[in-house]
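These notes concern the structure reproduced below.
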Amino acid sequence: MEKAKNDVILIPTDFSEVCQNAIEHGASIAAIMKYRVILLHVINKDTDKYLDEENLNEDVISEKLEKIANEASNKFNVQVEYLIKNGDLFENIKEASDKVGAKLIMIGTHGKVGFQKITGSYVLKVISVTNTPTIIVQKRQYTEGYNNIVFPITASTQDRQKVTWAINIAKMFNATVHMIPKFESGRFYKNRIMSITKQIKNLFDEFGVKYVDKVSSPTEGNFAKQVVDYAVQNEAELIMTLVNKDKSLFFSSWDEKIIYNTSQIPVICINPIETKKTTWARY
């Protein structure tokens with residue numbers, strides 16, 4: 001039986017600039033969502049060298065985390081706590097998420113290449129080992145609230161698992177959801193996407209969610225690029241995507257292009273869970 005989720009945002013940090021940005025981003029939306037924040041620092045073999053160079057030990061780390069927690073709490077008027085774990089990074093993030101019942105993980109990334117501690121390409125593995133929706137942020141500063149959310153739609157039946165989060169976030173922030181159904185030339189997939197899109201619209205109407213939709217074009221580049229370009233043009237603060245991974249934890253290039261978008265728009269990754277054979281869309 002799955003453990004109940006709590007109104008908690010878990011934010012791993014390695015004290016880098018992007019992680020500090022993730023903390024401010026997470027604390028700011030926690031104030032609006034009325035969630036509490038838990039910071040997590042994991043000490044493992046990958047951070048030993050960094051700790052030595054910075055003359056850090058667990059006591060100093062605790063002091064740093066307490067200071068960051070207090071600053072975020074005072075600035076955003078939210079409850080902020082912290083945890084220190086030793087051992088495997090990914091196991092500890094998963095265990096911490098399970099233990100506190102986090103509804104959301106917020107993590108900063110430097111991008112797929114370059115300087116990395118617990119960020120960069122590690123983000124993909126963090127998403128892989130948890131079933132908790134994860135918001136990925138880069139250096140781009142958070143601007144308080146999500147007014148425009150980009151919602152790509154593909155022929156995957158698992159796209160339905162994004163709908164609940166889209167409704168919840170849109171209602172909390174009075175946001176507009178921008179649906180982008182993927183263009184498909186084949187009749188089967190075209191009809192499938194049309195069916196999914198229609199049902200999503202019906203749900204948005206039922207819950208009073210504002211939305212617009214724009215079908216992607218077969219002549220304007222790959223779908224991921226079109227999604228990001230559209231998000232930039234419409235000043236979106238969040239892109240929603242599913243993590244389409246196989247058992248070997250490899251991600252599609254589509255996922256990576258969205259997550260590591262050069263415009264640094266935050267991305268919420270929904271990790272699809274196994275569902276029964278009964279499908280949400282009737283096709």
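The values are calculated or read from the model by the stated rules, or taken from the named source; none is laboratory data. Because the structure is predicted, anything quoted here is derived from the model rather than measured. When we count neighbours, we look across all protein chains shown, and the Cβ atoms used for this are built from the backbone with ideal geometry, even at glycine.
Numbers for the structure displayed
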| read-out | value |
| --- | --- |
| Residue selected from the stretch 223-253 under the condition out of contact with any helix residue (DSSP H, G or I) (no Cβ under 8 Å at 6 or more places or on another chain) and among the polar types (S, T, N, Q), by the criterion modelled with the lowest pLDDT | Ser248 |
| Yes/no for Lys85 being touching a Leu at 6+ places or on another chain (Cβ under 9 Å) and at pLDDT 90 or above | yes |
| Condition broken by Thr130, with the remaining ones in (1) at pLDDT 85 or above; (2) outside the structural domain of Ile180 (by TED's automatic domain parsing); (3) surrounded by 20 or more Cβ atoms within 10 Å (Cβ to Cβ) satisfied | (1) |
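To keep it simple, each residue is scored yes or no on (1) modelled with pLDDT of 85 or more; (2) part of a strand (DSSP E or B); (3) surrounded by fewer than 19 Cβ atoms within 10 Å (Cβ to Cβ).
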residue	(1), (2), (3)
Lys171	yes, no, yes
Met179	yes, yes, no
Phe188	yes, no, yes
Asn191	yes, no, yes
Asn202	yes, no, yes
Val215	no, no, yes
